[in-house]
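Okay, so here's the structure we're looking at.
The values are calculated or read from the model by the stated rules, or taken from the named source; none is laboratory data. All figures in this text were calculated on a predicted structure; none of them were measured in a lab. With ideal geometry, Cβ positions are generated from the backbone for all residues, glycine too; neighbour counts draw on all protein chains shown. Please note that ligands, DNA and RNA were not included when accessible areas were found on the heavy atoms of the full protein model with its side chains. Shrake-Rupley method; radii C 1.70, N 1.55, O 1.52, S 1.80 Å.
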Amino acid sequence: LQAAYDAVRPEYVTLINHMSQSRAVYQGMLDLRDGDQWSGLNQSRRRILTESIRAMERSGVHLEGEAKARYQEIQERLSKLSNDFSTNLVKEEKGSRIRVSNPARVAGVPAAVLSLALDTAKEDGIQIATEEAGPWHFVVSGMNYVAIIQHAEDRGLREEFYRAFRARGTSEGFDNRPLLAEILELRQEQSALVGFATYAARSIDAKMAPSTESVWQLFDELESAARPAAVDELAMLVAYMREQGAEEAEDPKPWDTTYWLEKLREAMYSYDSERLREYFQMPLVFDGLFSLVAKLYAVDIQRVDPAGVPVWDDNVEFFE
């Protein structure tokens with residue numbers, strides 16, 4: 001799949017450039033906006049037309065010669081860098097492992113996560129004595145990270161997972177930092193080509209915020225409103241940790257707060273995030289989704305026999 005995507009990506013980017021920089025399409029939309037037909041368009045169509053014109057202007061429809069060629073060159077390079085960035089994360093995650101052989105260290109970790117870690121160890125060629133004895137090979141993925149950081153009683157395991165997860169994209173062979181630096185530089189150059197002082201200003205042009213300054217102002221207002229509550233909540237959490245005799249209460253670390261917040265929620269509200277899993281099994285999610293679609297749009301979705309329908313795997317289900 002990756003090879004197929006890499007093969008078609010340059011042509012795809014070329015097509016997108018061709019469409020977004022088409023003078024014929026752009027002029028046609030200008031004629032609609034400035035001509036007699038404008039008065040006959042409803043509000044939605046006017047909005048679509050106006051935003052489409054602005055999008056083409058942000059994409060360099062006015063550019064000529066070297067500037068246009070450079071814009072397209074940057075677009076192709078950004079596409080490759082973005083793909084490489086994502087690929088590095090996927091490859092690094094696939095090969096990542098946090099290995100645990102002591103059963104005491106996995107106390108509190110949800111059974112479903114432990115089962116997956118056992119399967120991973122088996123795939124790695126490790127002989128499993130019993131499910132209770134391990135060992136366990138945890139992939140450093142988002143799902144495992146949340147489970148460990150929320151539920152693992154072993155503080156050292158939580159810290160190991162926290163540091164490994166936060167360090168993704170920095171290891172040898174998968175270091176995304178040079179890619180990120182080049183992406184930022186190219187975004188800045190591309191934005192300048194189409195008349196914006198910064199990439200942020202170009203991005204804001206397609207959004208509700210009137211300026212980059214207004215975004216910073218909103219951040220400041222949110223912080224002013226949220227910080228006092230956060231300080232109070234942290235004090236409550238530390239007090240609870242002390243009540244429970246937690247040594248880390250004297251110097252809570254990022255890998256401590258999430259774990260103890262989960263404990264505090266359980267104590268105060270009888271809330272257990274792991275028990276939510278049973279409500280998110282695929283058949284239940286499908287039923288909820290399809291009933292909502294039926295209610296909103298009067299569309300009935302039914303599971304049908306996939307016989308005669310080409311599917312990529314035997315487990316694929318087919319719906320009409």
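The table that follows gives values for the structure above.
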| read-out | value |
| --- | --- |
| Sites LEU15 and ARG70, calculated FRET efficiency, Cβ-Cβ separation with R0 22 Å, nearest 0.05 | 0.70 |
| Probe 1.4 Å, accessible area per residue of the chain, Å² | 66 Å² |
| Rounded to 10°, Cα long-axis angle of helix 111-123 versus longest principal axis of the chain | 80 degrees |
| D_trans [Stokes-Einstein, Kirkwood Rh over alpha-carbon pairs] for the chain, 20 °C, 1.002 mPa s, µm² s⁻¹ | 84 µm²/s |
| Residue with peak Gaussian network fluctuation, the chain [Cα springs, cutoff 10 Å], from ASP251, ASP175, ASP119 | ASP251 |
| Qualifying lysines (Cα of each under 18 Å from Cα of LYS94; at least 8 residues distant if same chain) | LYS122 |
| Cross-link partners of LYS253 among lysines (Cα-Cα below 21 Å; sequence separation of 8 or more within a chain) | LYS263 |
| Longest DSSP-loop-exposure-free segment, chymotrypsin sites (Phe, Trp or Tyr not before Pro), the chain, at most 15 other Cβ within 10 Å | 1-270 |
| Shape call, the stretch 121-261: gyration tensor on alpha carbons, a/c limit 1.5 | oblate |
| Cut-off 13 Å between beta-carbons: net charge of the residues surrounding ARG47, Lys and Arg +1, Asp and Glu -1 | +3 |
| Helix-only CD estimate at 222 nm, as mean residue ellipticity for the chain, using -39500 (n - 2.57) per DSSP H run (n ≥ 4) | -21000 deg cm²/dmol |
| Fluctuation leader among LEU179, LEU234, LEU289 - the chain, Gaussian network, Cα springs under 10 angstrom | LEU289 |
| Viscosity 1.567 mPa s, 4 °C: Kirkwood-radius Stokes-Einstein D of the stretch 64-168 over Cα pairs, µm²/s | 82 µm²/s |
| Cut-off 15 Å between beta-carbons: net charge of the residues surrounding ILE149, Lys and Arg +1, Asp and Glu -1 | +1 |
| Percent carbon-and-sulfur accessible area, the stretch 240-320, ignoring ligands, DNA and RNA, probe 1.4 Å | 54 percent |
| Sequence of MET56, MET268 when ordered by accessible area, the most exposed leading, probe 1.4 angstrom | MET268, MET56 |
| Residue-level accessible surface for MET236, protein heavy atoms, 1.4 Å, Å² | 100 Å² |
| Rounded to 10°, Cα long-axis angle of helix 177-193 versus longest principal axis of the chain | 20 degrees |
| Rounded tilt (10° steps) of 65-95 against the dominant C-alpha axis of the chain | 10 degrees |
| Karplus-derived 3J(HN,Hα), 6.51/-1.76/1.60, for each residue of the stretch 289-302, Hz, glycine and proline x | 5, 5, 5, 5, 4, 5, 5, 7, 10, 6, 10, 9, 10, 10 |
